[in-house]
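Here the structure comes first, spelled out in structure tokens, and everything after it is commentary.
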Amino acid sequence: MNIDCEYCSGKPLVNRKPLMSNGKGDYTVFINSCNHLEDSEIGNWNAKFSLFGIKINYCPVCGRAF
């Protein structure tokens, strides 16, 4: 278990590494502070689409349980 995981640690969301991104890097999916999968379009009401996933129970990268 890595307590300093770049994908799920307590860092500000802008410093977390995305789990997925498009080829241009301007659309990403990351673990938010509530342990939900979230995309980079949240809060952008002009976005054509936005995703907000279910709560996850562990980090898929380091395995840390939430």
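Worth pointing out:
- For first residues located in segment 20-31 and of a type in the set (Val, Ile, Thr), partners that are at pLDDT 85 or above and open to solvent by 90 Å² or more (accessible area, probe 1.4 Å) and lie 6+ apart or on another chain with Cβ distances below 6 Å form the pairs Val29/Met20.
- Scanning segment 1-30 for residues that are open to solvent by 70 Å² or more (accessible area, probe 1.4 Å) and in a loop (DSSP other than H, G, I, E, B) yields a count of 12.
- Count - residues of segment 1-32 that are of a type in the set (S, T, N, Q), over 12 Å from Cys62 (Cβ atoms) and at pLDDT below 85: 1
- Those residues of segment 34-60 which are modelled with pLDDT of 85 or more and open to solvent by 90 Å² or more (accessible area, probe 1.4 Å), in sequence order: Lys55, Asn57, Tyr58
The values are calculated or read from the model by the stated rules, or taken from the named source; none is laboratory data. What you see is a predicted model; the values in this text were computed from it and never measured. Using ideal geometry, Cβ is built from the backbone for each residue, glycine included, and neighbour counts are taken over all protein chains shown. Remember, those area values only see protein heavy atoms, side chains included, never the ligands or the DNA or RNA. Shrake-Rupley method; radii C 1.70, N 1.55, O 1.52, S 1.80 Å.
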